[in-house]
Amino acid sequence: MTGTRNYLRFLGRCLGIAFVGDWRYYAWMGVLTVICLAGLNAYANQLVEGLGSTGMTDQVSWGIYIANFTFLVGVAAAAVMLVIPVYIYKNRHLHDLVVFGELLAVAAILMCLAFVTVDLGRPDKFMHMIPGLGKLNFPGSMLAWDVVVLNGYLLLNLHIIGYLLYSRYQNRYPRRWFYIPFVFIAIVWAISIHTVTAFLFVGLGGKEFWNQAIIGPRFLASAFAAGPALIILALQVIRRVSEYRVRNEALLTLRSIVQVAMLINVFLLVCEVFTKFYSDTARGVSAKYLYFGLEEFNALVPWIWGAILLNVVALALLILPVSRSLRYLNIACVFAIVGIWVEKGMGLVVPGFIPTPLGEVVEYMPTWNETLVSLGIWAFGLLAYTVFLRTSIPILQGRLNKNNEHRALTDSIEESPAGGVEPSQP
Amino acid sequence: MSASENKPDSSSGGSMSRRSFLRVSAGATALTGLAALAAGLAPLRELSRFTSVEKFLQKHYHELSPEQMKRVLERIAREVEQQYDLRPHVRDLKPMDGVEFVYALNLSRCIGCRRCVHACVAENNQSGDPDLEYIRVVKMPKGTFDLTKGDHNYEPEEVPEDGYFYMPVQCHQCANPPCVKVCPVEATWQEADGITVIDYDWCIGCRYCQAACPYFARRFNFRKPRIPKERLNPDMSYLGNRPRESGVMEKCHFCIQRTRAGRYPACLEVCPTGARKFGNILDPDSEINYILKEKRVFTFILKEDQGTLPRFFYYLDK
Amino acid sequence: MKEETKTAIVLAGVAISFAGLAVVFFTLSAIDERPAPRIVMVDSGFLDTSPVRMNYAAMVEAGEDIFDYDCYLCHSRREPVELQFDELGGLILEEHDYITFEHGPSRENNYCFNCHDRDQLDRLRTQYGTTLTFEESTQLCGSCHGTTLRDWKQDAHGRTGGYWNLAMGERTRLDCTECHDPHDTRFPTLEPAPGPHSMKNRIIVSPENNRDP
């Protein structure tokens with residue numbers, strides 16, 4: 001009973017802290033909330049009008065929602081790139097940063113679930129997917145697999161992070177058996193969420209653009225580049241706005257991960273482009289549309305070449321020693337993230353539908369309403385990640401723990417010595 | 001965040017007024033935030049008919065008892081009557097024993113007049129606005145089966161045009177349907193007579209089946225379908241032509257409300273050239289059996305490698 | 001400026017943005033009172049299931065004027081008709097020049113007495129000498145087009161309607177001459193019904209969704 005009460009009080013204090021901060025915090029959260037509300041309003045419009053308020057058609061029936069979903073599953077999976085070095089190779093630099101990576105994974109999964117939900121024509125029937133209440137077509141449908149692995153990954157991460165943070169809050173050493181096995185399950189699971197998401201596309205025999213084995217490896221490579229790149233940027237923000245110490249060595253370790261992943265990603269891209277174009281068969285018509293356009297239809301051409309340019313520049317920067325300086329590393333990361341977002345989102349989802357199985361070419365552009373919904377979900381994800389960081393940093397620093405729970409909310413943070421870290425995290 | 005950790009000076013009077021300003025601001029933020037939330041959700045008040053408790057709690061087609069199905073059919077009839085002032089005849093026709101439907105289309109007869117497209121729309125209560133059709137007729141230049149060379153939007157004065165042939169495409173009712181496999185909620189399945197059906201009340205609208213179909217046969221209701229009252233076909237079937245709602249899939253079901261009552265599909269009856277043939281392949285005396293035995297029959301060229309085993313064949317007779 | 005003041009100003013700014021958002025949302029969500037635009041449906045002529053042409057039997061049944069089939073209004077029973085040819089060997093049609101002769105590619109296919117009985121102009125006559133009425137024309141066609149007749153008997157050639165399941169109802173089928181003009185046998189060209197989305201109501205569908213090529 002006291003256990004439950006303690007836990008609830010812990011949650012209450014975490015929630016309370018999310019509303020406390022300086023003016024910059026409020027400004028940031030305010031801006032995100034405004035975007036979030038705009039997205040919510042756009043979604044309300046979509047519910048009333050139907051998916052006709054989006055740019056999607058019978059011909060191109062998935063658009064920017066599924067594109068973002070695909071990208072974000074990759075970001076979520078990329079948390080393993082912090083976990084593997086720490087738990088398998090005992091890397092010390094990344095040790096304390098694992099939590100931030102896993103929190104990013106949780107935020108990314110929440111965004112994924114939101115993107116899938118807004119893509120549904122009948123979200124009111126969501127419970128048809130819940131085993132028992134509905135009829136989840138498992139293991140037949142890859143989408144059912146995706147529902148299972150994404151929710152499973154969310155639960156795994158919530159358990160691991162929740163347990164570690166709560167232990168730290170209570171000034172206890174976490175019991176290894178209670179989380180280490182889950183860490184290893186989560187490593188495999190992270191690979192699986194992105195593989196399953198790739199299989200979602202790969203499994204469709206009618207879409208020659210997707211129906212290739214290389215899509216899975218490409219998904220993982222691009223995810224392991226974009227995810228850690230995002231974490232590099234996040235860590236620097238954390239370092240600036242909080243007193244949490246993030247060492248340059250940690251950032252440089254992540255740099256080498258992004259470097260290798262980006263190298264593999266670009267290599268796989270070259271493999272794919274070669275296969276599509278050198279043989280010059282009539283089959284690669286979707287790829288032709290993507291890279292060069294079909295007659296007057298060429299909406300994606302500037303996007304994909306822009307993405308390739310960004311990827312190549314990012315790769316060059318990452319390989320050169322110049323990116324040991326944080327400024328260039330940051331540029332490389334931003335380029336890699338944007339490049340991969342375009343290449344894997346719009347560049348993968350949309351051309352799969354063009355031309356249609358009956359040879360018709362109908363182009364896709366997201367509408368305003370659709371863009372607002374997407375921005376709203378991104379803002380919601382950033383909001384969630386900010387709240388996660390806002391609560392977890394004081395806990396990791398020991399400023400928010402059981403010993404100071406009787407003090408006022410704000411004071412509890414302000415009065416405890418900064419960086420007073422007691423039991424170090426295993 | 002770090003800035004907030006400066007110890008606040010709470011002794012001076014100026015600080016008190018700042019504190020109250022802060023409180024007022026915080027309160028105002030909370031209030032306006034709630035107002036913005038409420039206003040943001042305001043469009044939803046138009047959603048009153050989005051769903052009903054009855055529909056929300058309805059079970060999967062395969063789990064409905066006969067009494068429950070009766071109530072469901074009554075609900076549908078009631079809803080249709082409310083919307084269209086017309087009492088429909090809604091049934092749930094089951095597959096017949098010893099019947100497997102097969103369709104065959106004679107490419108040497110089709111003249112591309114598109115009457116099948118519109119007979120289908122009328123029979124199956126497809127939305128007129130936004131317009132939705134199950135059948136696509138592709139005008140192909142002679143000498144190729146490369147569909148990217150086809151034209152879907154031909155509008156000459158008269159058809160057929162010299163140098164072209166016409167290829168209508170609709171649901172192929174595959175024996176190995178990729179669309180059924182991918183549905184995450186089993187809202188679409190293959191019936192014993194070979195028709196792949198959709199339970200419109202169960203579909204969640206993820207459109208995965210649409211991505212999986214190699215024949216561009218599935219259609220999504222991107223908006224609330226609209227049908228003029230005078231064009232509503234009151235002879236309805238649960239898995240067939242009852243009016244659909246926004247956000248669900250639909251597709252050709254071989255006019256289940258007609259064919260399970262022994263009649264020909266609407267697209268066949270309207271075809272002026274008799275290019276369309278339909279029947280029970282298990283009946284050795286049926287015309288469809290005769291055609292499959294006697295004619296140069298093939299399935300959708302270029303798509304045969306999909307392994308979908310269609311029940312929709314094309315053939316040539318001269 | 002004190003941190004607290006800054007915080008308060010930021011919060012006030014956020015509050016103002018929220019209020020602004022609320023106003024914008026509320027204005028945008030005003031319910032559209034305009035009546036829904038008329039739903040454009042295809043001309044019901046395209047849904048007509050009647051045959052493309054009326055043959056003799058159908059005209060009789062419908063009570064149509066069949067003077068065109070009453071050969072002896074002009075011809076005489078006592079004077080058998082002789083075919084006349086021009087120098088190039090073409091048939092001279094005289095009063096029948098409104099008839100297009102396109103019964104197959106060769107001239108020999110288009111001689112009147114291939115099908116009409118020379119001695120009884122209001123009868124038909126097969127190549128085997130059987131005499132038939134105009135109502136029995138299908139048998140005449142079948143006397144040359146045997147494989148087509150076989151297909152037709154199996155309902156595999158030509159238009160059918162009604163019931164595929166004969167145990168549940170009747171099937172209609174058409175005679176040859178309800179689709180084919182015996183003198184010009186090619187199936188007639190027709191006006192095509194509207195193509196996909198060409199009837200799209202352009203009022204309710206916003207332009208950005210109306211992007212069909």
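The values are calculated or read from the model by the stated rules, or taken from the named source; none is laboratory data. Predicted model only: the values in this text are computed from it and were never measured. Ideal geometry is used to build each Cβ from the backbone, glycine not excepted, and the neighbour counts take in all protein chains shown.
The figures follow:
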| item | result |
| --- | --- |
| Residue within the stretch A:314-328 that is buried (at least 18 other Cβ atoms within 10 Å of the Cβ) and touching a Phe, Trp or Tyr at 6+ places or on another chain (Cβ under 8 Å) present | yes |
| Residue count for the stretch C:121-132, restricted to those that are part of a loop (DSSP other than H, G, I, E, B) and closer than 19 Å to C:S76 by Cα | 3 |
| Residue ID - farthest from A:Y25 (Cα to Cα), chosen from residues in the stretch C:23-40 that are more than 9 Å from chain A (Cβ to nearest Cβ) and part of a helix (DSSP H, G or I) | C:T27 |
| Top-ranked residue of the stretch C:144-185 - restricted to ones that are in contact with a strand residue (DSSP E or B) (Cβ under 6 Å, 6 or more places away or on another chain), surrounded by fewer than 17 Cβ atoms within 10 Å (Cβ to Cβ) and assigned to a loop (DSSP other than H, G, I, E, B), ranked as farthest from the other protein chains (Cβ to nearest Cβ) | C:E170 |
| Candidate set: the stretch A:325-339, residues that are in a helix (DSSP H, G or I), without any contact (Cβ under 8 Å) to a residue 40 or more places away in the chain and more than 20 Å from the chain's Cα centre (by Cα); chosen: the one farthest from A:S286 (Cα to Cα) | A:R327 |
| Count of residues meeting criterion [surrounded by fewer than 16 Cβ atoms within 10 Å (Cβ to Cβ) and not in a helix (DSSP H, G or I)] in the stretch B:128-150 | 6 |
| Enumeration of residues in the stretch B:286-317 that are free of Cβ contacts under 8 Å to residues at least 24 places away in the same chain, in a strand (DSSP E or B) and within 14 Å of chain C (Cβ to nearest Cβ) | B:R296 |
| Residue within the stretch A:346-355 that is under 20 Å from the mean Cα position of the chain (by Cα), crowded, with 21+ Cβ neighbours inside 10 Å and modelled with pLDDT under 90 present | yes |
| Scope the stretch B:219-230; condition surrounded by 24 or more Cβ atoms within 10 Å (Cβ to Cβ) and not polar (S, T, N, Q); matching residues | B:F220, B:F222 |
| Within the stretch B:55-70, considering residues that are in a helix (DSSP H, G or I) and loosely packed, with under 14 Cβ neighbours inside 10 Å, the one farthest from the chain's Cα centre (by Cα) | B:E67 |
| Helices (runs of 4 or more DSSP H) contained entirely in the stretch B:157-268, each with at least 2 residues that are over 17 Å from the mean Cα position of the chain (by Cα) and within 30 Å of A:G132 (Cα to Cα) | none |
| Residue within the stretch B:239-247 that is within 8 Å of chain A (Cβ to nearest Cβ) and surrounded by 24 or more Cβ atoms within 10 Å (Cβ to Cβ) present | yes |
| Residue within the stretch A:204-224 that is small (G, A, S) and in contact with a Lys or Arg (Cβ under 7 Å, 6 or more places away or on another chain) present | yes |
| Qualifying residue in the stretch C:107-119 (condition: surrounded by 13 or more Cβ atoms within 10 Å (Cβ to Cβ), touching a strand residue (DSSP E or B) at 6+ places or on another chain (Cβ under 8 Å) and under 30 Å from B:K295 (Cβ atoms)) | yes |
| Residue satisfying condition, being at the interface with chain A (Cβ under 10 Å from one of its Cβ atoms) and either surrounded by 23 or more Cβ atoms within 10 Å (Cβ to Cβ) or out of contact with any His (no Cβ under 7 Å at 6 or more places or on another chain) (or both), within set B:Q173, B:Q210 | B:Q210 |
| Contacts under 6 angstrom Cβ, first residue in the stretch C:47-65 being away from every other protein chain (no Cβ under 14 Å), partner of a type in the set (F, W, Y) and in a helix (DSSP H, G or I), 6 or more apart | C:Y56/C:Y69; C:Y56/C:F134 |
| Verdict on A:L37 being over 17 Å from A:G121 (Cα atoms), within 14 Å of chain C (Cβ to nearest Cβ), buried (at least 21 other Cβ atoms within 10 Å of the Cβ) and over 20 Å from the mean Cα position of the chain (by Cα) | yes |
| Among the candidates B:K229, B:K149, residue that is modelled with pLDDT under 95 and away from chain A (no Cβ under 11 Å) | B:K229 |
| Unique match (being in contact with a Phe, Trp or Tyr (Cβ under 6 Å, 6 or more places away or on another chain) and either of a type in the set (G, A, S) or in a helix (DSSP H, G or I) (or both)) among B:A36, B:A119, B:A30 | B:A36 |
| Qualifying position, being under 22 Å from B:C113 (Cβ atoms) and either within 14 Å of chain A (Cβ to nearest Cβ) or among the hydroxyl-bearing types (S, T, Y) (or both), among B:C252, B:C271 | B:C252 |
| Lone unmet requirement of (1) more than 10 Å from chain B (Cβ to nearest Cβ); (2) in a loop (DSSP other than H, G, I, E, B) for A:M56 | (1) |
| Residue check for B:G279: in a loop (DSSP other than H, G, I, E, B), more than 30 Å from A:V349 (Cβ to Cβ), touching a residue at least 24 places away in the same chain (Cβ under 8 Å) and more than 14 Å from chain A (Cβ to nearest Cβ) | no |
| Selected residue [part of a loop (DSSP other than H, G, I, E, B) and either touching a Pro at 6+ places or on another chain (Cβ under 7 Å) or buried (at least 21 other Cβ atoms within 10 Å of the Cβ) (or both)] from A:V342, A:V361 | A:V361 |
| B:L147 vs. criteria touching a residue at least 40 places away in the same chain (Cβ under 8 Å) and over 21 Å from B:A266 (Cβ atoms) | yes |
| The stretch A:61-111: number of residues that are in a loop (DSSP other than H, G, I, E, B) and crowded, with 24+ Cβ neighbours inside 10 Å | 5 |
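Every residue, every condition in (1) assigned to a helix (DSSP H, G or I); (2) free of Cβ contacts under 8 Å to residues at least 24 places away in the same chain; (3) within 17 Å of the chain's Cα centre (by Cα), yes or no:
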site	(1), (2), (3)
A:H128	yes, yes, no
A:L154	yes, no, yes
A:I185	yes, no, no
A:G205	no, yes, no
A:W210	no, no, no
A:A213	no, yes, no
A:A229	yes, no, yes
A:L233	yes, no, yes
